[in-house]
Amino acid sequence: MIMKFPAFSETVGSEQTFADRLLCLSLDIGEAILESGGEVHRVEDTIQHVCHAYGAVHVEVFAITSLIIASVRMGDNSYSSQIRRVYDSSNRLSRLESFNRISREVCEKKPPLEEVDRMIKEEKRSKKMPLWMTVLVYALVSATFALLFGGSLWDSLAGALVAAVLAFVSSIRSDYINPLAKTLLLSFLAGTLSYASVLIGIGERADMIMIATIMLLIPGIAFGNAMRDLLCGDLLAGILKTVQSCISAILIATGYSIAIFWLGNTVPENLMSAGIHPIVIWVAALLGTLGFALLFDVKRRHLPVISLLGVLTYAVWEISVYVEFSNFLAAFLAAAFVTLCAEVCARLFRAPTVVFLLTAPVVIVPGSSLYYTMNALIMQKSEQLSLHLENLLQISIGMAAGIVAISVLMQGLLRFFARVEKKIRK
């Protein structure tokens, strides 16, 4: 039975048809999900489900990272086709979860379109994290990762100070500076300030400080998610995300390389280990994961679970390294473990998988390998370059493979159970 709805123009005095307004609101939700860090397949599914809930008999949606094209045909043969350009996106996972909740509520309760419009506008008015809190979170992430990668307490302090400066620069709106240029500027500034902190006596090892700040910029998890999109059928979106991740990594490497080339010989190289207690390392893994969850604006109720997942992921990595697995296998097992946990948590908490998958695996992102690869390249150390580049590729590809393997497996199982349930109902 086809549901009949009066034209929206009858209630608001607009020339728009019901199909126009329905598709417009559906695109508002999809656009907000994409801007908040959601996957393109989630955007497409959401728009389709919302339109079908209000009686659409045919819906076509195509989305990539910067564009949504959609059309809808209703039961009375009214038709609408619209395009939405998405200019900017960031990882605001609480906002993503809120719009995901709105889409579920709209599909289940089918409120009047005026109410849907009110819900969307109310959620869009939610404020971003204030600058002072962003500065604190940047400092927390950099400080903890300096300890996690073997730096001293002084390196941790220096990393926090450098990260605080990066937070202020990052707050510059994209209207004033190109995002790619900002990435290059941030990486150069981080490298320069890392060396400067050692020269003035705050930090002890410039490499540890730079590695800690790299973690704020490196698109490690984005690369794994891009591979997942590729192998799950979203070819164009996956290719675009992969290219974007690679370009970001190249710009980050270029910025740090300029700083290394400029100041690398002015700071004495210190290869002594800081000798941090193992308990401090595990606490750093916990706080580092928590810091990224705060940085990505995760809802507070998920913070304990995500922090625990980060520690468990690091444990899987450490155990794999201890039993002398290769870097590829260790990264694969850790990424597969956290992806499986993310899929389970997403269903337990009724939240998008990306909420857990963007934050928990950060402890195994190869920030140190990227730094040492750049350093060996600049200093023309061919043997070290080969070793560190191999480690970087092994860990990056291993993480991507682990995420993809579990994602594809879960997608296949869900489709299988959906078909079984459909047959049972018949």
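The values are calculated or read from the model by the stated rules, or taken from the named source; none is laboratory data. Bear in mind that the values here come from a model prediction, so they are computed numbers and not experimental data. Using ideal geometry, Cβ is built from the backbone for each residue, glycine included, and neighbour counts are taken over all protein chains shown. The area values use the complete protein model at the heavy-atom level, side chains included, leaving out ligands, DNA and RNA. Shrake-Rupley method; radii C 1.70, N 1.55, O 1.52, S 1.80 Å.
Descriptive notes on the structure:
- Test: F62 is modelled with pLDDT of 90 or more and part of a helix (DSSP H, G or I): no
- Answer residue from the range 379-408, given it is surrounded by fewer than 18 Cβ atoms within 10 Å (Cβ to Cβ) and β-branched (V, I, T) and is farthest from E324 (Cα to Cα) among those: V408
- Qualifying positions in the range 249-263 - of a type in the set (G, A, S) and modelled with pLDDT of 80 or more: A253, G255, S257, A259
- For the range 119-128, a tally of residues being in contact (Cβ under 8 Å) with a residue 24 or more places away in the chain and part of a loop (DSSP other than H, G, I, E, B) returns 2.
- Qualifying residue in the range 32-42 (condition: under 13 Å from V116 (Cβ atoms) and either modelled with pLDDT under 90 or open to solvent by less than 10 Å² (accessible area, probe 1.4 Å) (or both)): yes
- Residue in the range 81-98 that is hydroxyl-bearing (S, T, Y), more than 24 Å from S407 (Cα to Cα) and surrounded by fewer than 19 Cβ atoms within 10 Å (Cβ to Cβ) present: yes
- Answer from V137, V116 - the residue that is out of contact with any Ser or Thr (no Cβ under 6 Å at 6 or more places or on another chain), closer than 20 Å to A32 by Cα and either of a type outside the set (D, E, K, R) or in contact (Cβ under 8 Å) with a residue 12 or more places away in the chain (or both): V116
- Members of the range 374-395 found to be free of Cβ contacts under 8 Å to residues at least 24 places away in the same chain and within 24 Å of the chain's Cα centre (by Cα), listed by number: L389, L393
Yes/no per residue for (1) at pLDDT below 80; (2) aliphatic (A, V, I, L, M):
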| position | (1), (2) |
| --- | --- |
| Q384 | no, no |
| I395 | no, yes |
| G398 | no, no |
| A405 | no, yes |
| L414 | yes, yes |
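- In the condition set (1) touching a Lys or Arg at 6+ places or on another chain (Cβ under 9 Å); (2) modelled with pLDDT of 90 or more, C345 is compliant with all but (1).
- If the condition is being closer than 23 Å to S90 by Cα and either modelled with pLDDT of 90 or more or of a type in the set (F, W, Y) (or both), then the range 145-183 contributes F145, A160, V162, A163, A164, V165, L166, A167, F168, Y176.
- Among the residues making up the range 304-319, those that are crowded, with 18+ Cβ neighbours inside 10 Å and more than 15 Å from A336 (Cα to Cα) are V305, I306, S307.
- Filter result (outside any helix (DSSP H, G or I) and closer than 19 Å to G367 by Cβ) within the range 135-177: F149, G150, G151, S152
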